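First up is the structure itself, then whatever we jot down about it.
The values are calculated or read from the model by the stated rules, or taken from the named source; none is laboratory data. Being a predicted model, the structure only gives us computed values, none of them experimental. Using ideal geometry, Cβ is built from the backbone for each residue, glycine included, and neighbour counts are taken over all protein chains shown. With ligands, DNA and RNA removed, areas are computed over all heavy atoms of the protein, side chains included. Shrake-Rupley method; radii C 1.70, N 1.55, O 1.52, S 1.80 Å.
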Amino acid sequence: MRPKRDSTAPGPAVVDDATRLDGRACAADLDARTAHRAAACTEAGVQPHLAVVIVGDDPASHVYVASKVRACERLGLRSTRIEHPANLDQASLEAIVDDLNADSSVHGILVQSPLPSHLDEEAITDRILPSKDVDGFHPVNLGRLVQGRTDGLLPCTPSGVMELLRWGNVDLRGKRAVVLGRSRIVGMPMALLLAAKGADATVTVAHSRTEDLAKVCAEADVLVAAVGRPGMVQASWVKQGAVVVDVGINRVDDDTRERGWRLEGDVDEAVADVASKMTPVPGGVGPMTISMLMANTVRAAEACLTKQATH
Ligand code: GUN
């Protein structure tokens, strides 16, 4: 049995068997630093400015966008929300992106995903200027990451996980990390960040076609689940003492809740009996993603200031 930590000290708190990697507390620490940097930019004459484009009426997307706008307000960033009905055509959406690219007051552009199915999301990602791509999804930014250059605009969820692991004093050097999921947005960049110089984990990317998936996961010292399947990772898949990061944010039906649903991660709650540290859902990776978006927007504004100073 590990000793319980003093609950008034900074860092993760001990709950149940696994230490909770508390994304809300970690995000609050990061937000304080981001707000400070944003204020310095504003004082120098450049208020960091995020433009968020949302097409259609997907309720979950509207909730996410509202929380991004609120985070901007809280941290002293300017935000612009551009909303269009689901029947917006590709050329019109591209023209919106072009206008935001050309607007020197805008430092970050985010087009909320998913887009209605008639729109080509990849073409939109490619059209955003890499220097304003605060999602970190543009091929130039992902390509920089492949090259081992981790100083640019990084995808928010994987970089948020790395920050949370640092905050939780998780030692990755030489450890076996398994990333469950190979998406362009989470799984693949997550694997690159874990393997990057400085982090130095030995990484396996597992996915739906992986043979003996449970056995592969059970080799992990650090297991990152990003598959979007509620409760998929079972306690029997997890090595005793492993660190488990749950990226899943799945809406599952729940008649006992007034709203009729609840959020569930990709990791079964019984994993807490086996893991040494674990992220909760909600309140784990989710808050880190928004905080990283804010940090990326401020980084983009700082780059503008640096450019102004050298011209
Ligand atoms: N939809 C859900 N999460 C995200 C995100 O991080 N970025 C964008 N663009 N869309 C999302």
Legend entry - Prolate/oblate/rounded label for region 247-311 (Cα gyration tensor, a/c 1.5): oblate
Legend entry - J(HN,Hα) series, region 214-222, from Karplus relation 6.51 cos²θ - 1.76 cosθ + 1.60, nearest Hz, glycine and proline x: 4, 5, 4, 4, 5, 7, 7, 7, 10
Inset, instruction - At 1.4 Å probe size, with every protein chain present, just tell me what the per residue accessible area of the chain comes to in Å². - result: 49 Å²
Legend entry - Local electrostatic count, Arg251, Cβ distance below 12 Å [Lys/Arg +1, Asp/Glu -1]: -1
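Within the chain, which is the longest segment containing none of the trypsin sites (Lys or Arg not before Pro) that sit in a DSSP loop and have at most 11 other Cβ atoms within 10 Å?
Answer from the scan: 5-172.
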Inset, instruction - Can you check what the net charge comes to around Trp261, using other residues whose Cβ is under 11 Å from the Cβ of Trp261 (Lys, Arg +1; Asp, Glu -1)? - result: -1
Inset, instruction - With a ≥ b ≥ c taken as the square roots of the eigenvalues of the C-alpha gyration tensor of region 187-311, please select rounded if a/c is under 1.5 and otherwise prolate if a/b is larger than b/c or oblate if it is not? - result: oblate
Legend entry - Angle between the chain longest axis and helix 23-43 axis [Cα atoms, degrees, rounded to 10]: 20 degrees
Legend entry - Estimated inter-spin distance, Ala123 and Glu219, nm [label 7 Å along Cα→Cβ]: 4.2 nm
Inset, instruction - Mind ranking Ser291, Ser104 by accessible surface for me, highest first, 1.4 Å probe? - result: Ser104, Ser291
Inset, instruction - Report, for the chain, the % of DSSP beta bridges that are antiparallel, rounded to 5. - result: 15 percent
Legend entry - Radius of gyration, Dmax [the chain; alpha carbons; angstrom]: 19.7, 61
Inset, instruction - Could you give the spread of the C-alpha atoms of region 46-204 along their three principal axes, from largest to smallest, in whole angstroms? - result: 49, 35, 29
Legend entry - Note, ³J(HN,Hα) from phi for region 50-57, Karplus 6.51, -1.76, 1.60, rounded to Hz, x at Gly and Pro: 10, 9, 10, 10, 10, 10, x, 10
Inset, instruction - Could you sort out which of Lys68/Lys307; Lys132/Lys307; Lys197/Lys239; Lys197/Lys277 sit more than 19 Å apart by Cα distance in this structure? - result: Lys68/Lys307; Lys197/Lys239; Lys197/Lys277
Inset, instruction - Working from Cα positions, state the angle (0 to 90°, nearest 10) between the long axis of helix 156-167 and the longest principal axis of the chain. - result: 50 degrees
Legend entry - Nearest 10 degrees, 0 to 90: helix 90-102 Cα axis against the chain principal axis: 80 degrees
Inset, instruction - Starting from the eigenvalues of the Cα gyration tensor, five times each then square-rooted, give me the equivalent ellipsoid semi-axes of region 27-122, largest first, whole Å. - result: 27, 16, 9
Inset, instruction - Run the accessible area of region 106-150 with a 1.4 Å probe and give the carbon-and-sulfur part as a rounded percent. - result: 51 percent
